[in-house]
Structures are given as structure tokens and as C-alpha cells.
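A short write-up of the structure that comes next.
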């Protein structure tokens, strides 16, 4: 389980996160939702130890160490490999540094996304860059996958392809925390929603319970909260 | 340890094209310098002999012969050394900032590797240090070859003296600095270089951690570190106390180790705990 406990973060004088607390379980898709600038990406960066923060974050009951990067991975919305590298070189790099690299799954994902090993990263389209990021992240045998806006700025076909990954065996029983504006693409796959506003958790709910008990979709709840 | 070595290898590979270009420029410029400067010196000598109607013996007794120091002090020879030094100083900054800026944010991947942040910090420092040593080794290989070419291009009568590689290095201020003749000189030249690099790395980490405020903190840290290292020199200059040269060397060495160790610790601490991607 990922436990985020009273996490606060300031950039200069601006408060980005103000006592954010939530949990994300293995085997569940947790979605962080909010308008731009509410602290979704900062929350993911804090979990990954990519920005300092106040509060406590535990991964399977332990604070983040270098070994945690074999158990949790972050897929940002920017390329994380050198532009001059080819897709194959990026895969070799990952294989070299991570014990949790699963070459078999990497090749499956390569095929799934129709990426070519010899393609240079600098020459990939935005959609293919997102797919490459996803391929590199999901090829690690990790417990948790954190995704920042995986559908941002990419065409409808690539979005469908990426959304299909969530429903496939490629995600298996991992815990996923995702931030997205394109909620419609994956709404049916989300287990839990954390609504953020002004750096705080505004509402937290289980999507199935919400549907069954109140008959509301995630988008309905978002409208209620953000348009109120 | 393996990941650290892989990172060092990775960092060296990333700079390899520019590095090989620097090695090639050094080779071409210095060899061209030997041929061009030697030819020019011999032409000058012939012109003077013709104008002043001097025999070879009279010319040599009046103006003297030539030796390799005539080559070693030219831009052909020192230019590529200066270029390499500037490139590596520039690279101290580039090795960090290129991972943060531009279209590809490789720093995400680098900081998410399952290895300690200290390994990442040290791998970049080691890569630069190895590249410096590589350039020096290249110069030490080239020097006797250039010397041999020089000897074969100059008539024996015009040669001032046969200079060995070490005497060429000792006769030139810059070569003396980069090719030390004693272990003490090696410690001074390369120890100070290592210390300066660790201070600059720490200043960069301050900037990456605190942005605008970090620039001031980095400058302040650089000033404090330099002042700490030079304390014995200041004490001597102000005539409060006099140190014998071996005492001064021992103090500088000790303070250098302390400043380098402190910079590495602080830099890697900032990278682990304060840096924001």
C-alpha cells in the first residue's frame, strides 16, 4: 500500500500541497483528479522522492529508499530517455540498471504499441513518446505504477491503445496511481478517486460504491464539486 | 558498485564525440604547429643569413639555435590545451544542466534509478576526472612523437639541444602544471582541480535545490570553501604565523581533503533530499 500522510509542499511562498492524505492499494487504479495546478503532479513527484516535502509517505510500510525504485515506477508526461538514443538502446539501459526489468514483457509491449526498436527517440511523435514511456515503465516488475497525464496531447487512436493497456494483463495486479484530464477514457477502470483542490483532498470515493449507492459517475461528481 | 561503474561508463559515452573531437584537434593542431612553426623559424633564419650575409656558424653564434620550447609556446600547441580545459570546465555545468533542460528530461530517469544519489553524483565527478586524466595521457603520448618530428625537421646544426619529454614539460609553465614531475605536484594540481570541481558541483546542487536563492547560497558556499582552504596562506600573508613549506603543504592537503569531502557530502545530500525535478 502507498500511504500519503499529511503531505505539504511549497514552491516559494505558494502552497502547492496542504496536508494531503490518502492511500492507494495494490491491485487498484487510483485516480488523482483536479483542475490544472492543484498539485496532482507534485503529489506523484513527492511519492517518487523527486521533490522535497513535509509529511510522510510510506511504500509497503516503509519510507522511500533506493531499492524502492525496483518496486515503484513513475511514468511522467515528458520523455525520460536521451533523444539520441534508439528505442532499443533505451531498453538496454533499463535492463542494465533495473533487476526488475522484464524483457519478455518489454517485447510484448513493444509489439502491442507497434514501436520499432531502431526508432530514434527524438524522432518519435508525442503519442509514440507516451507509448515508449509506458512501455519502459510497465516492463518493470514493480508493485506500483504512477502515471502523470498519459493521455495528454495525443491522438484518439493512441489514447485508445493506452487505455487498452489498463484492461489487459500488462497491468495485472499492480497498484496504479494516475492523474488525467481525459477521465472518459478510463472511467470504467478506476477503483478509487481522489479529488484535489488548492492542494487539499476535497473528496475521496470508491467509484463502484458511488455508482451503486448514488448513481453518479466520476464526471458527475467532478461537476458537482468543481462547478459548485 | 556495478551500477556506479555503469553510470561512469554511460557518462563518458555521452561526452565521447566531443571528447574524441578534442583529442583530434589537439593531435592535428600540435603536429601542424610543429611543422609550420619549425618551417617558419628555419625560413626566418635563412632570411636573416641572406640579409646580413652571415654564415650558418655566424648566425648560430649570434642568434642561437632552436629547440622544442619555441613550439611549446605557440598558439598551435597551447591553443588545443586551453580549448580542452575550457570545454571540460564548461562540461562541469553541462553534465548536470543538460539532464534538466531541453525537450528530454533525463533527470527523471537518473534520479529514479535504484542506486544511491551519491553514486549518481560521484559517477559524474569520476567521468570528468577520468576525461581530464585521459587528455593528459594523450598529451604525454603526443609530446615525444612531436619532439621526434621536430628533431627530424630541423637540421642538426640548428638544434639548440636534445630535449627529453620531461625537460620540455619542465620548461613550459602550462605543461608543468598539467604534467607534474613529482607526486607532490600531482597532488597539488589534480587535488585542487578535484576540490574545485566538487565545490562547483555543490554550488550547482544549491541552485537546483533553491533556484534563485540557491545561486547566492552556491556563491556563498564557494567563498567559504575557498577561504577555508586558503586559511594557512592568509595566516602567512598577514604575518601572524610562519609555516615551513612542508607544513604549508601538509595544511593545504588536509584542508583540501576536508573541503572536498564536505563538498561531496553536502552536494550528494542536496541531491538526495532537497533537489526538485
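The values are calculated or read from the model by the stated rules, or taken from the named source; none is laboratory data. All values reported here derive from a predicted model rather than from experimental measurement. Please note: Cβ atoms are built from the backbone with ideal geometry, for glycine as well, and neighbour counts cover all protein chains shown.
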Would you be able to say whether some residue in region A:90-98 is within 14 Å of chain B (Cβ to nearest Cβ), touching a residue at least 12 places away in the same chain (Cβ under 8 Å) and not in a helix (DSSP H, G or I)? yes
List the number of the failed condition for residue B:101; all other conditions in (1) under 17 Å from residue B:13 (Cα atoms); (2) more than 8 Å from chain A (Cβ to nearest Cβ); (3) without any contact (Cβ under 8 Å) to a residue 40 or more places away in the chain hold. (1)
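Rundown of residues vs (1) farther than 18 Å from residue A:146 by Cβ; (2) surrounded by 17 or more Cβ atoms within 10 Å (Cβ to Cβ); (3) in contact with a helix residue (DSSP H, G or I) (Cβ under 9 Å, 6 or more places away or on another chain); (4) at pLDDT 95 or above, yes/no style:
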| site | (1), (2), (3), (4) |
| --- | --- |
| A:65 | no, no, no, no |
| A:77 | no, yes, yes, no |
| A:81 | no, yes, yes, no |
| A:84 | yes, no, yes, no |
Looking at region A:62-89 only, could you name the residues that are more than 11 Å from residue A:137 (Cβ to Cβ), out of contact with any strand residue (DSSP E or B) (no Cβ under 8 Å at 6 or more places or on another chain) and within 10 Å of chain B (Cβ to nearest Cβ)? A:65, A:66, A:67, A:69, A:78, A:79, A:81, A:82
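Considering each of B:253, B:248, B:200 in turn, give the residue that is over 30 Å from residue A:55 (Cβ atoms), modelled with pLDDT under 95, surrounded by 15 or more Cβ atoms within 10 Å (Cβ to Cβ) and more than 14 Å from chain A (Cβ to nearest Cβ).
Criteria check complete, one pass: B:248.
To keep it simple, each residue is scored yes or no on (1) surrounded by fewer than 14 Cβ atoms within 10 Å (Cβ to Cβ); (2) farther than 30 Å from residue B:205 by Cα; (3) at pLDDT below 95; (4) out of contact with any strand residue (DSSP E or B) (no Cβ under 9 Å at 6 or more places or on another chain).
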{"residue": "B:19", "(1), (2), (3), (4)": "no, no, no, yes"}
{"residue": "B:46", "(1), (2), (3), (4)": "yes, yes, yes, yes"}
{"residue": "B:49", "(1), (2), (3), (4)": "no, yes, yes, yes"}
{"residue": "B:52", "(1), (2), (3), (4)": "yes, yes, yes, yes"}
{"residue": "B:75", "(1), (2), (3), (4)": "yes, yes, no, yes"}
{"residue": "B:81", "(1), (2), (3), (4)": "no, no, no, yes"}
{"residue": "B:92", "(1), (2), (3), (4)": "no, no, no, yes"}
Within the group A:204, A:160, which residue is more than 15 Å from the chain's Cα centre (by Cα), assigned to a strand (DSSP E or B) and surrounded by fewer than 15 Cβ atoms within 10 Å (Cβ to Cβ)? A:204
Only one of A:58, A:107 is surrounded by fewer than 20 Cβ atoms within 10 Å (Cβ to Cβ) and not in a helix (DSSP H, G or I). Can you tell me which? A:58
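Please verify whether residue B:64 is within 14 Å of another protein chain (Cβ to nearest Cβ) and loosely packed, with under 15 Cβ neighbours inside 10 Å, treating the condition exactly as stated. Before you say what the answer is, go through the steps one by one.
Working: within 14 Å of another protein chain (Cβ to nearest Cβ): no; loosely packed, with under 15 Cβ neighbours inside 10 Å: yes.
Against the criterion (within 14 Å of another protein chain (Cβ to nearest Cβ) and loosely packed, with under 15 Cβ neighbours inside 10 Å), residue B:64 does not qualify.
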Six or more apart or on different chains, Cβ atoms under 8 Å: show the pairs whose first residue is in region A:168-187 and more than 15 Å from residue A:32 (Cα to Cα) and whose second is surrounded by fewer than 18 Cβ atoms within 10 Å (Cβ to Cβ) and modelled with pLDDT of 75 or more. A:170/A:108; A:173/A:26; A:173/A:27; A:174/A:26; A:174/A:27
From the list A:219, A:193, pick out the single residue that is touching a strand residue (DSSP E or B) at 6+ places or on another chain (Cβ under 6 Å) and either assigned to a helix (DSSP H, G or I) or under 24 Å from residue A:152 (Cα atoms) (or both). A:193
Just wondering, is there one or more residues in region B:223-235 that are modelled with pLDDT of 95 or more and surrounded by 19 or more Cβ atoms within 10 Å (Cβ to Cβ)? yes
Can you tell me how many residues within region B:212-237 are closer than 17 Å to residue B:255 by Cβ and either in contact (Cβ under 8 Å) with a residue 12 or more places away in the chain or not in a helix (DSSP H, G or I) (or both)? 11
All but one of (1) within 14 Å of chain A (Cβ to nearest Cβ); (2) in contact with a helix residue (DSSP H, G or I) (Cβ under 7 Å, 6 or more places away or on another chain); (3) free of Cβ contacts under 8 Å to residues at least 60 places away in the same chain hold for residue B:144, so report the exception by its number. (1)
